1. What does the C-alpha gyration tensor say about the overall shape of the range 136-265? Classify as rounded when a/c is under 1.5, otherwise prolate if a/b is larger than b/c, or oblate.
2. Quickly rank 61-69, 134-142, 246-254 as a protection proxy: mean count of other C-beta atoms within 10 Å, highest first.
3. Given contacts defined as C-alpha pairs under 8 Å and at least six residues apart, what's the relative contact order of the range 341-417, whole-number percent?
4. Considering the chain as a Gaussian network with a 10 Å cut-off on Cα pairs, which listed residue, 154, 387, 364, attains the greatest mean-square fluctuation?
5. Any idea what angle helix 179-194 forms with the longest principal axis of the chain, computed on alpha-carbon atoms, 0 to 90 degrees, nearest 10?
6. Give the Kirkwood hydrodynamic radius (Å, one decimal) of the chain, defined as one over the mean of 1/r across all pairs of different Cα atoms.
7. Which of the three applies to the range 2-229, rounded, prolate or oblate, going by the alpha-carbon gyration tensor with a ≥ b ≥ c and a/c under 1.5 meaning rounded?
8. From the C-alpha coordinates alone, can you work out the Kirkwood hydrodynamic radius of the range 341-417, in Å?
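Taken together, the values in this text are just the output of simple stated rules run on the coordinates, not laboratory data. Note that this is a predicted model, so its numbers are computed, not measured. Cβ atoms come from the backbone with ideal geometry, glycine included; neighbour counts cover every protein chain shown.
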């Protein structure tokens, strides 16, 4: 198979293996054979717990995109019903209870991003919402038809519940305990209503996905399949997608295209190859060449990665502008009009002035005053290209009427306004 002139494996399964995405599969030989000989329907679920998808979801959307390239049909399932309960999988704390209106609004925003990456024309992909069947369930009937097939002993041994079971102060609520049944029922409904024979998801969803394959087998006597992929982590095993400001969102209103670009441009050298392999279709030989050359080649690789992902999530124009701004900033010839900005309010000033530590925290360039103090004392903060010499530095409001640019370290620039 070819994509943009690049030779790819003929089987989608082999592509996912080659790019380091596959974590676990039920009956891998059968799944590979299915993807070789048939065009299957599969699904991935997305609970709308926030008003934007984030980097953690990005990898899942890419798997759907890759599968669609090979002619398979993805179902993007918005968890309007399951989100009312909250998935306890791997979570140390209970999720916040959300209103139906907030969940529905978040789901609509998810759809905007999904349509950028997937082709929903002519039935090539489906977008469904499990609220359409879960919110209408009769609980007694659900227990008789679904709960009957689940062993409590087996459920309690699942990795999905392990973290919460170890928290004596919170434990696992009965409401959350039902989440696995609901996700299993989702798979059962999609299997019967849309001939959906596989569920894909992150490795932390393995127990929940197996609940669906087991329910289908017990109720219908048929086979369905589970495929999980590796989570996007740093070389140290930490989940990627977090900054001082919080999550890296896919919605430009929450994380600007430039900030999105800079996140990837500034990742550690040790993480470049893995991100390029998992998140792009840049040829593996090219990735290996970047690593073999080392040194400045890592910067080339990060720039290539950042540009590719920004173009994919936002647009070519956004990627071009982010690249131009990034190069100008590193070259010392930045145009402040294209720079990321942060606005101060009256509340940030005391007696008409703002101290440097307060400035760094207010603009989220530092998570705390202690971290801000460390940055200043180590000489890591510049204002309009002049080093801030001490923690007693402060500015009045008039300073922000002109261009006021804060530089943190070598890579982070921010234009501060009123």
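1. Working: a/c = 2.25, a/b = 1.70, b/c = 1.32.
Judged from the Cα gyration tensor, the range 136-265 comes out prolate (a/c at least 1.5, a/b above b/c).
2. On the way: 61-69: 20.4, 134-142: 12.1, 246-254: 17.9.
Listed from highest to lowest mean packing, they are 61-69, 246-254, 134-142.
3. Once divided by the residue count of the range 341-417, the mean separation gives 34 percent.
4. 154
5. 70
6. Working: mean 1/r = 0.0421 Å⁻¹.
By the Kirkwood definition, the hydrodynamic radius is 23.7 Å.
7. prolate
8. Hydrodynamic radius (Kirkwood, Cα pairs) of the range 341-417 is 12.2 Å.
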